[in-house]
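Engineer: Got a structure for you, written out below as structure tokens; questions coming shortly.
The values are calculated or read from the model by the stated rules, or taken from the named source; none is laboratory data. It should be emphasised that the depicted structure is a prediction, and the values quoted were computed from it without experimental measurement. Cβ sites come from the backbone with ideal geometry, for glycine too, and all protein chains shown count toward neighbours.
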Amino acid sequence: MALVTCHFFSEVLEESTSITVLLPQATRAQIGLAGVASDDPPPVLYLLHGLSDDETIWTRRTSVERYADERGLAVVMPRVGRSFYADERHGAAYWTFLSQELPEVVASFFRVSTRREDTFVAGLSMGGYGALKWALREPHRFAAAASLSGALDIAPDEGLRTQTVPHVWGGLPPGPDDDLLDLLDRADPATLPALFVACGTEDFLHDQNLRFLACADERGIPVHRDVDGPGAHEWGYWDEQVRAVLDWLPISR
């Protein structure tokens, strides 16, 4: 695969930012990787980072490049700081950047598919929250969305809101468009992409994941889940699970 670091100016953020991008490349002489490529634009996965990380973390801590290479999948990893993928009350408009500007930038810079059936989103921890929020708010954009150890029920977490990320919602509970349980309550199951939730039983966010799944079940929203096995909030677990997510994605080529 090709590994691209792309620096560009964001009109929404009003500053320079960067994304890390993996692009399929078919090779003959490369040892250990053959690559899968097509004459058609490849499917694309938007892969979101967690609270303490950045756009480089997935390629530094997991073998996602190798996993994506086997499937001919492009991967786009943006940088959003500690924003919870929201338009911050005291900061920048990261939700607008993610949902509006980023797809336009990717489509203009890279040859990737823009079809819904070829577009996916996933993330870990804060990024798991961001992935499901994006899928629930814009279900027309994605064929599938996955959360790994996601912060999926943040409204009751006063410490997170007032101490960890007070700039995001001003210490207040998130509004209905930033509350995943509220979004589930308003969702039409017939329009949603396929959903995947994984969280290990030793993870401090496990209870939040169970609450999200219970809410989805009450509303008749199917979710592929892996929440009964061991696993903590760490990269060994996420490396295994991101491969499971790629196996699960409905990639058509």
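Engineer: Can you confirm whether region 180-187 contains a residue that is modelled with pLDDT of 95 or more, hydrophobic (A, V, I, L, M, F, W, C) and touching a Pro at 6+ places or on another chain (Cβ under 8 Å)?
Structural biologist: yes
Engineer: For region 63-94, name all the residues that are in contact with a Lys or Arg (Cβ under 8 Å, 6 or more places away or on another chain), surrounded by 17 or more Cβ atoms within 10 Å (Cβ to Cβ) and assigned to a loop (DSSP other than H, G, I, E, B).
Structural biologist: Those that are in contact with a Lys or Arg (Cβ under 8 Å, 6 or more places away or on another chain), surrounded by 17 or more Cβ atoms within 10 Å (Cβ to Cβ) and assigned to a loop (DSSP other than H, G, I, E, B): G72, Y85.
Engineer: Looking at region 159-180, is at least one residue farther than 19 Å from A131 by Cα, in contact (Cβ under 8 Å) with a residue 24 or more places away in the chain and among the small types (G, A, S)?
Structural biologist: Within region 159-180 (the criterion being farther than 19 Å from A131 by Cα, in contact (Cβ under 8 Å) with a residue 24 or more places away in the chain and among the small types (G, A, S)), the answer is yes, since at least one residue qualifies.
Each row is one residue, and each column tells you yes or no for (1) surrounded by fewer than 19 Cβ atoms within 10 Å (Cβ to Cβ); (2) in a loop (DSSP other than H, G, I, E, B).
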{"site": "L172", "(1), (2)": "yes, yes"}
{"site": "L184", "(1), (2)": "no, no"}
{"site": "T201", "(1), (2)": "yes, yes"}
{"site": "Q208", "(1), (2)": "no, no"}
{"site": "A214", "(1), (2)": "yes, no"}
{"site": "R225", "(1), (2)": "yes, no"}
{"site": "D228", "(1), (2)": "yes, yes"}
{"site": "D239", "(1), (2)": "yes, no"}
{"site": "S252", "(1), (2)": "yes, yes"}
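Engineer: Tell me, which residue of region 38-60 that is in contact with a strand residue (DSSP E or B) (Cβ under 9 Å, 6 or more places away or on another chain) and farther than 19 Å from G128 by Cα is surrounded by the most Cβ atoms within 10 Å (Cβ to Cβ)?
Structural biologist: Looking at the filtered set, the residue picked out is P43.
Engineer: Just to be sure, is V245 within 16 Å of I154 (Cβ to Cβ) and aliphatic (A, V, I, L, M)?
Structural biologist: no
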